[in-house]
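Please read the structure below before turning to the comments.
The values are calculated or read from the model by the stated rules, or taken from the named source; none is laboratory data. Please read these numbers as outputs of a predicted model, since none were measured by experiment. Cβ placement follows ideal geometry from the backbone for every residue including glycine, while neighbour counts extend to all protein chains displayed. Just so you know, the surface numbers come from the protein's heavy atoms only, side chains and all, with ligands and any DNA or RNA stripped out. Shrake-Rupley method; radii C 1.70, N 1.55, O 1.52, S 1.80 Å.
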Amino acid sequence: MTTIAAVQGNGWAVIGYDSRVTDDDRVYTLPKNSGKVVSNGSYMLGAAGDMRAINLLSHVLKAPTPPVDADEEELDAFISQKFVPSLKKCFDEAQYGEKGEHESHVIAVVQGVVYDIGSNYDWCRDVEGIYAVGTGGQFALGAIYSMLVGKKRTITAAKQAVQAAVEIACRLDSNSAPPVNVLVQKCE
């Protein structure tokens, strides 16, 4: 399936992901420009689960423009009131999922803030700012915690931790494989 890991800092976020896709008996290695995390306007969006989700996030979703200089509370409200409904509309119109749910786990990064969006369109943010999803997610999550919690959090340290964590997940999860890609988003 996937390993996607993210770390949120103060005004920035780092997100990393593996390159393996499995479909029945076939294994694919995705090209770097067609990965499990994509840029869409002001967002970095990733999906663990069906490749259909990332196809829609890449090529169909018309993501709403986030408010400028929003504080956390305003950004949370925007995600709830604007982004999530646009995501649901995109998936519904594409007939992806049923009964108000879809078959993937979405990570959305906007203005350096990470949102973990579940299959029923709920979202969460973690006080530690450490996230990981997919079949290798638990391996990556533990690795990042061991590398970052209680230590000074810089973009460089987060990039190194995310890279190492996804590599560890690739070693331990048969559904994840290198190459590992790491992206950074800074708050504008």
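Listing for the model above:
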item	result
Which numbered condition VAL182 fails, given (1) surrounded by 15 or more Cβ atoms within 10 Å (Cβ to Cβ); (2) within 17 Å of LEU57 (Cα to Cα)	(2)
Lone unmet requirement of (1) of a type in the set (A, V, I, L, M, F, W, C); (2) touching a residue at least 40 places away in the same chain (Cβ under 8 Å); (3) open to solvent by 20 Å² or more (accessible area, probe 1.4 Å) for MET44	(3)
Residue identified as surrounded by fewer than 20 Cβ atoms within 10 Å (Cβ to Cβ), in a strand (DSSP E or B) and within 18 Å of the chain's Cα centre (by Cα) among SER58, SER86, SER39	SER39
Residue match in region 143-161 (condition: at pLDDT 95 or above and charged (D, E, K, R))	yes
Residue, most open to solvent (accessible area, probe 1.4 Å), within region 26-36, restricted to residues that are part of a loop (DSSP other than H, G, I, E, B) and closer than 29 Å to SER146 by Cβ	LEU30
Count - residues of region 116-152 that are in a helix (DSSP H, G or I), open to solvent by 30 Å² or more (accessible area, probe 1.4 Å) and touching a residue at least 40 places away in the same chain (Cβ under 8 Å)	2
Search result, residues across region 1-25 that are farther than 16 Å from ASP173 by Cα and surrounded by 22 or more Cβ atoms within 10 Å (Cβ to Cβ)	ALA6, VAL7, GLN8, ALA13, VAL14, ILE15
Complete set of residues in region 95-115 that are open to solvent by less than 30 Å² (accessible area, probe 1.4 Å) and either under 19 Å from LYS159 (Cα atoms) or in contact with a Leu (Cβ under 8 Å, 6 or more places away or on another chain) (or both)	TYR96, VAL106, ILE107, ALA108, VAL109, VAL110, GLY112, VAL113, VAL114, TYR115
Filter result for ILE168 (open to solvent by less than 20 Å² (accessible area, probe 1.4 Å), assigned to a helix (DSSP H, G or I) and either in contact (Cβ under 8 Å) with a residue 12 or more places away in the chain or within 20 Å of LYS32 (Cα to Cα) (or both))	no
